[in-house]
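Every number in this text was worked out from the coordinates using simple rules, so none of it is lab data. Since this is a predicted model, take the numbers as computed values, not measurements. Cβ sites come from the backbone with ideal geometry, for glycine too, and all protein chains shown count toward neighbours.
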Amino acid sequence: MGKYLASIDLIPDQVLTSSATRARQTVELAAQAGEWECPIRVAEQLYGASVDSVIDEIRSEPGTTGTLLIAGHEPTWSSVVSALAGRSISHFPTAAVACIEFDVDQWSDIEFESGRLTWHVTPKQLKHEGFEG
């Protein structure tokens with residue numbers, strides 16, 4: 001996924017990850033594969049978080065961050081994407097990525113259903129489509 005995001009010129013300015021080992025390792029592997037040089041911040045609050053907690057954490061992101069990547073766990077992540085984009089995502093497999101765009105000036109302005117889900121991709125889809133990252 002790190003190489004995929006780099007290939008579409010969507011390298012995060014900041015990564016926010018759960019403190020869970022698997023989430024941290026996934027982010028670190030993606031950053032290494034995609035050659036990202038952005039900061040990775042571990043947020044204890046994302047481990048076992050509710051949708052509201054995740055959105056509160058996103059809202060606390062500084063306005064200097066343009067592209068934010070957050071990493072966490074199911075079943076919360078499909079619920080977060082659904083809540084932010086107002087569009088149901090039933091399952092979020094390991095290392096899947098969703099792109100949600102917001103028309104806001106600050107992360108603190110994000111509201112439920114204020115984003116547009118522009119795409120959602122899984123490692124299995126990329127493999128099926130022949131992406132050789």
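Counted over the chain, the DSSP beta bridges are approximately 45% antiparallel. Sum -39500 (n - 2.57) across every DSSP H segment of at least 4 residues in the chain, then divide by the residue count to get the 222 nm mean residue ellipticity, nearest 500. Mean residue ellipticity at 222 nm (helix-derived): -9500 deg cm²/dmol.
Here, the chain yields an orientationally averaged convex hull projection of 7.3 nm² when only Cα atoms define the hull. Model label sites at Arg24 and Thr118, defined 7 Å from Cα along the beta-carbon direction, differ in position by 3.1 nm.
In percent, what relative contact order does the chain have, based on Cα pairs under 8 Å that are 6 or more apart in sequence? That works out to 24 percent.
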